[in-house]
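Notes for the one structure printed next.
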Amino acid sequence: MNLILKNIKQLIGITENSDVIKKGTAQGEVTTLDNAYLIIRDNIIESFGPMSECPEVSMDSHDCSNRLLLPMYVDSHSHLVFAESRSGEMKMRLHGKTYQEIAETGGGILNSAAKLHAMSEQQLYDDAQVRLEQVIKQGTGAIEMKSGYGLSIEDEMKMLRVIRVLKSLSPIPIKSTFLGAHALPLEFKDNKDAYMYLVCNEMLPRIAGEGLADYIDIFCETGYFDLNDLKQIIEAGDKHGLKAKVHVNQFSTFGAVKLACEMGALSVDHLEVMNDEDYTALQNSNTIATGLPLCSLFLDIPYTPGRQLIDKNIPLAIASDFNPGSAPSSNLNLAFGLACSQMKLTPEEAFNALTYNAAFAMEVQDEVGSIQVGKKANLILTKPANGLEDIPYWFGDNMIESVIV
Ligand code: NIG
Ligand code: FE
């Protein structure tokens with residue numbers, strides 16, 4: 001695509017380079033330009049500047065008066081590939097059962113795995129493709145997707161092959177993560193070690209051998225997988241060249257953040273429950289903290305303490321966690337609103353968490369995540385707006401007029 005965008009009221013999220021993640025006071029720094037133009041050539045941001053310096057070019061032109069132009073969101077944590085809705089479980093919760101109780105009786109992740117097992121690979125792909133289109137319309141311009149509803153070698157590979165096809169056909173960058181250690185299948189109920197062996201020594205070598213995953217993940221939580229499993233997973237990932245992005249501290253804290261940080265995880269995600277040791281470990285590492293406010297809203301659990309993380313100079317990303325159990329929403333516009341109203345971030349901090357920093361959390365910072373010459377022109381054009389704060393202000397709505405991908 002070649003296009004010139006003119007009279008942009010505010011061009012938001014400009015960077016000169018994307019060498020370092022934003023943390024501390026830098027997390028709240030957003031460079032903007034009033035009354036700007038931007039030129040897209042061959043789908044890449046070629047140049048931008050003030051309207052007073054707008055060059056004469058012969059290409060399609062679009063007037064952006066009264067509107068903001070910003071980079072699309074980056075969703076560094078999703079479970080977009082899944083078989084079916086689990087709305088019945090929401091109903092059970094509203095009748096008094098907890099997320100953990102539902103999981104213990106074969107619901108939860110195991111429920112998703114049974115449904116995925118029964119679904120054809122083609123159908124799984126078709127449904128995921130529809131969801132991906134929806135995600136893009138909502139302003140997401142790059143996305144990570146996990147396996148983890150397979151829990152057998154065949155079904156984990158089925159999920160990852162679906163992600164591979166999405167990757168090859170998608171207009172936005174996609175990264176894939178192997179999450180074999182998501183829940184213990186019933187047949188391994190009393191033999192976690194055997195399942196861990198299967199994940200690390202049978203599933204992972206085949207998956208890595210076929211280049212089906214970019215990262216490795218585990219659900220490290222009371223009742224799921226423990227510190228010893230976390231260590232095994234990160235070591236196995238290292239052996240096969242897959243960095244770790246891990247689920248930790250959703251419901252409890254027992255040293256997982258420290259271990260993941262010490263072992264060089266790219267990101268630790270969830271972090272709803274945090275103690276001093278967890279903060280210190282993050283401060284002494286390069287690991288990125290990732291908050292998932294749509295999950296907190298849906299399950300009515302605490303929000304990731306975003307304000308504290310930023311005040312402690314820890315880089316924060318925010319992602320959707322889109323999945324059928326704990327976050328059936330991929331809407332990062334709503335996540336933006338929650339980041340401000342519930343996690344007490346400024347609009348600028350939340351914006352950086354959802355764009356620039358999230359790009360680092362899935363290593364696409366050279367391609368997307370800011371308005372920078374040479375990056376992909378994956379852009380959000382808003383409806384008429386006063387400023388960036390209008391997005392979290394009109395929470396639950398969508399300030400997007402159109403997206404350019
Ligand atoms: O990130 N916490 C573990 N995994 C997902 C939920 C999975 C599910 O309930 O299907 C999450 O919240
Ligand atoms: Fe998740």
Exercise for the section: Say whether the condition of being away from ligand 2 (no atom under 16 Å from the Cβ), modelled with pLDDT under 95 and either in contact with a strand residue (DSSP E or B) (Cβ under 8 Å, 6 or more places away or on another chain) or polar (S, T, N, Q) (or both) is met by at least one residue in the range 384-399. Expected result: yes
Exercise for the section: Give me the pairs, please: first residue somewhere in the range 266-277 and assigned by TED's automatic domain parsing to the domain that holds L230 and under 15 Å from I218 (Cβ atoms), second residue anywhere and of a type in the set (G, A, S) and in a loop (DSSP other than H, G, I, E, B), beta-carbon distance under 6 Å, and either six or more positions apart or on two chains. Expected result: S267/A361
Exercise for the section: Evaluate the range 204-215: report whether one residue or more is away from ligand 2 (no atom under 16 Å from the Cβ), small (G, A, S), in the same structural domain as L259 (by TED's automatic domain parsing) and part of a helix (DSSP H, G or I). Expected result: yes
Problem - Residue list for the range 1-52, filter: part of a loop (DSSP other than H, G, I, E, B), out of contact with any Pro (no Cβ under 7 Å at 6 or more places or on another chain) and in contact (Cβ under 8 Å) with a residue 24 or more places away in the chain - result: M1, N2, T15, E16, N17, S18, E29, V30, D42, N43
Exercise for the section: Output the number of residues of the range 137-186 satisfying the condition of being β-branched (V, I, T), surrounded by 20 or more Cβ atoms within 10 Å (Cβ to Cβ) and out of contact with any Asp or Glu (no Cβ under 8 Å at 6 or more places or on another chain). Expected result: 2
Exercise for the section: Hey, can you tell me all the residues within the range 20-38 that are closer than 18 Å to N313 by Cβ and among the charged types (D, E, K, R)? Expected result: K22, K23, E29
Exercise for the section: Give K376, K383 a once-over and let me know the one that is under 16 Å from I136 (Cβ atoms) and of a type in the set (K, R). Expected result: K376
Problem - Selection status of G107, over 28 Å from N333 (Cβ atoms) and within 16 Å of ligand 1 (Cβ to nearest atom) - result: yes
Practice task
Go over the candidates I288, I310 one by one and state the one that is assigned by TED's automatic domain parsing to the domain that holds S87, hydrophobic (A, V, I, L, M, F, W, C) and more than 16 Å from ligand 2 (Cβ to nearest atom).
Solution key: I310
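Rundown of residues vs (1) out of contact with any strand residue (DSSP E or B) (no Cβ under 6 Å at 6 or more places or on another chain); (2) within 15 Å of ligand 1 (Cβ to nearest atom); (3) of a type in the set (A, V, I, L, M); (4) at pLDDT 95 or above, yes/no style:
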position: A208; (1), (2), (3), (4): yes, no, yes, yes
position: N228; (1), (2), (3), (4): yes, no, no, yes
position: G241; (1), (2), (3), (4): yes, no, no, yes
position: V248; (1), (2), (3), (4): no, yes, yes, yes
position: A256; (1), (2), (3), (4): no, yes, yes, yes
position: S267; (1), (2), (3), (4): no, yes, no, yes
Handout entry: Residue that is surrounded by the most Cβ atoms within 10 Å (Cβ to Cβ), among those in the range 116-135 that are acidic (D, E) and either touching a residue at least 12 places away in the same chain (Cβ under 8 Å) or not in a helix (DSSP H, G or I) (or both)
Key = D127
Handout entry: Unmet criterion (only one of (1) out of contact with any Ser or Thr (no Cβ under 8 Å at 6 or more places or on another chain); (2) at pLDDT below 95) for Y99
Key = (1)
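Please enumerate the residues belonging to the range 101-115 that are small (G, A, S) and either part of a helix (DSSP H, G or I) or more than 19 Å from D190 (Cα to Cα) (or both).
Passing the criteria: A103, G108, S112, A113, A114.
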Exercise for the section: Only one of these is of a type outside the set (G, A, S), surrounded by fewer than 23 Cβ atoms within 10 Å (Cβ to Cβ) and more than 16 Å from ligand 2 (Cβ to nearest atom): D229, D278. Name it. Expected result: D229
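The values are calculated or read from the model by the stated rules, or taken from the named source; none is laboratory data. Small disclaimer: the values here were computed from a predicted structure and weren't measured. Note that we place each Cβ from the backbone using ideal geometry, even for glycine, and neighbour counts take in every protein chain shown.
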